[in-house]
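Before any comments, here is the structure.
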Amino acid sequence: MATAASARVYNNFIGGEWVDSKSGKTYENRNPANTDEVIGHFVASNEADVNAAVDAAKEAYKSWRLVPAPKRAEILYRAAEILVQRKEEYSKDMTREMGKVLAETRGDVQEAIDMTYYMAGEGRRLFGQTTPSELPNKFAMSVRQSVGVCGLITPWNFPMAIPSWKMAPALVAGNTVVLKPAEDTPLSSYHYVQALVEAGLPKGVVNIVSGDGPDAGAPLSKHKDVPVMSFTGSSAVGRIIASACAPDFKHVSLEMGGKNIIIVMDDANLDLAIDGAVWGGFGTTGQRCTAASRVAVHKKVYGEFVKRFVERVKTLRVGDGLDPKIEMGPCINEQQLNTVMSYVEIGKKENAKLLTGGNRLNSGAHAKGWFHEPTVFGDVDAKMRVAQEEIFGPVVSVIPFDGFDEAISIANGVAYGLSASIYTKNVNQAFAAMRDLYTGIVYVNAPTIGAETHMPFGGTKQTGNGHREAAGAAIDFFTEWKTLYIDYSDKLQRAQIDNN
Ligand code: NAD
């Protein structure tokens, strides 16, 4: 186990070199399950480091945009192959870095692999359109073009998957990138970049600057030579980024918070719904943007559901995610743990019924980490703060309801719109829910989590600003359309005027 004195120093990656910060400042990254373990020392970057990274990306863009897309794609393909080889090593590092259990960090690395293969395939599919012109002897078509240097700012909960969702489409489309990873999880982003570099990515095409939001993220979002910003994180920071990008009309994609719901109808398969609520609510310690932090249950099955759900939650084993017996890891850091504890107090004050959990775990095997009991509130009113605000921790609010319309109105009655799910055997109800739930993602008879990389990902209202990640939607964000008209008539033809 590395200590502060023995842990490795990880530099920024700028212009193809691993370089020290301009200020010489670093910060420690510690294991949230055992804070004695130092994962590494990372550069505390500032504006000067960001400027150097953007300069390198701008220079590299001149030639990268001219590399044929299928050739760019081959590099991505090779990077995915490298990730396959290193999946176990990188997954273990990720569990040490951010605490989620090994089965889930393997899933995170796999998602990066899937996305990288998928976008490698897109290298031969950057299709445009051809269409008849309204004029004779004239040809019309549209092509996609790259945009330039993309600034990418990412959160800590999917430390390799989310950077890959942004980097792979940006790169295959011919852009260059500067990534500012979350301060709590830079190592997993470094691993992804390392795979790209070994796969043959030219110098300067990918750059990484670590550090905190105000010092390293803000200068990137404001930089005049960065026309594209892709951000995933909280709605509060998303608002700051959107404002920083507005004066220069940058393309901005914002993927933000969620207050997702599982609806359990009276005809639901309760065993299945309980499995889904446990996995959706407590997977990744509830620290997923798609976490099922609300479960609305029809009053006819409410008593039965709550009894059996709480029994299951009480059995969850909390601890160090490297231990295969453990089912739920720690919160990411002290601040996040404090947020969870403060929402437990808020729930109690609102007279939500604490059914299980509610306490920090800090003795014995939990003494050195940021652990919290899996917690369930029952008899929750949909307007309570615990049912409205994103907690981002292991706290689930169970809300009773009377009928389908009420369930949909509870589901849609929050500021966010990422993911929703309904458990029912009634096909009419399932289709009505698919139509009426105003979220970016809807699941039927499955929990709110489990995105697949070839499907668009994102949300409505305060979750997003209209863009989607993954699938072809990501290519739409990282390219611009150029429409081309070729007139071979040898005379002046006037659209809308000479075509009758
Ligand atoms: P956060 O908003 O605190 O930080 C996200 C990133 O923004 C970090 O890299 C941080 O350093 C940076 N940042 C902070 N202040 C900044 C500033 N002033 N200027 C520029 N950058 C700044 O979020 P987090 O705590 O890392 O992640 C949790 C949040 O992310 C939750 O709200 C969660 O719902 C959301 N999330 C959303 C999705 C999605 O796809 N919708 C996915 C994962 C996480």
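The values are calculated or read from the model by the stated rules, or taken from the named source; none is laboratory data. Quick caveat: nothing in here was measured; it's all calculated off a predicted structure. Neighbour counts run over all protein chains shown; Cβ positions are idealised from the backbone, glycine included. Note: accessible area is taken over every heavy atom of the protein model, side chains too, but ligands, DNA and RNA are not part of it. Shrake-Rupley method; radii C 1.70, N 1.55, O 1.52, S 1.80 Å.
Structure summary
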| read-out | value |
| --- | --- |
| Conditions (1) on the phi < 0 side of the Ramachandran plot; (2) in contact (Cβ under 8 Å) with a residue 40 or more places away in the chain: number failed by GLY286 | (1) |
| Pair list, Cβ under 8 Å, 6 or more apart: region 465-484 residue more than 16 Å from MET115 (Cα to Cα) and among the aromatic types (Phe, Trp, Tyr), other residue outside any strand (DSSP E or B) and away from the ligand (no atom under 12 Å from the Cβ) | TRP481/GLY128 |
| Residue satisfying all of: in region 235-258; surrounded by 17 or more Cβ atoms within 10 Å (Cβ to Cβ) and assigned to a loop (DSSP other than H, G, I, E, B); farthest from the ligand (Cβ to nearest atom) among these | LYS250 |
| GLN462 being crowded, with 19+ Cβ neighbours inside 10 Å and within 15 Å of the ligand (Cβ to nearest atom) | yes |
| Some residue of region 424-445 being buried (at least 24 other Cβ atoms within 10 Å of the Cβ) and under 16 Å from GLY283 (Cα atoms) | no |
| Among residues of region 394-409, those that are buried (at least 24 other Cβ atoms within 10 Å of the Cβ) and part of a loop (DSSP other than H, G, I, E, B), counted | 1 |
| Qualifying residue in region 156-172 (condition: closer than 22 Å to GLU28 by Cα and charged (D, E, K, R)) | no |
| Criterion (outside any loop (DSSP other than H, G, I, E, B) and basic (Lys, Arg)) met by exactly one of LYS482, LYS425, LYS491 | LYS482 |
| Inter-residue pairs, beta-carbon under 7 Å, first on the phi < 0 side of the Ramachandran plot and in region 14-28, second modelled with pLDDT under 90, 6+ apart | GLU28/ALA4 |
| Criterion (under 25 Å from the mean Cα position of the chain (by Cα), assigned by TED's automatic domain parsing to the domain that holds ASN412, open to solvent by 80 Å² or more (accessible area, probe 1.4 Å) and touching a residue at least 60 places away in the same chain (Cβ under 8 Å)) met by exactly one of TRP279, TRP370 | TRP279 |
| Complete set of residues in region 391-413 that are in contact with a helix residue (DSSP H, G or I) (Cβ under 8 Å, 6 or more places away or on another chain) and either among the charged types (D, E, K, R) or within 13 Å of the ligand (Cβ to nearest atom) (or both) | ILE391, PHE392, GLY393, ASP402 |
| Residues of region 24-60 classified as open to solvent by 40 Å² or more (accessible area, probe 1.4 Å) and within 17 Å of ILE208 (Cβ to Cβ), total | 10 |
| Residue among LYS314, LYS307, LYS353, LYS349 that is assigned by TED's automatic domain parsing to the domain that holds ASN269, over 16 Å from PRO32 (Cβ atoms) and either in contact with a Gly (Cβ under 8 Å, 6 or more places away or on another chain) or aromatic (Phe, Trp, Tyr) (or both) | LYS353 |
| Number of the condition not met by TYR61 [criteria: (1) modelled with pLDDT under 95; (2) closer than 26 Å to CYS150 by Cα; (3) hydroxyl-bearing (Ser, Thr, Tyr)] | (1) |
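Yes/no per residue for (1) part of a helix (DSSP H, G or I); (2) small (Gly, Ala, Ser); (3) open to solvent by 40 Å² or more (accessible area, probe 1.4 Å):
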site	(1), (2), (3)
LEU316	no, no, no
GLN336	yes, no, no
TYR343	yes, no, no
LYS348	yes, no, yes
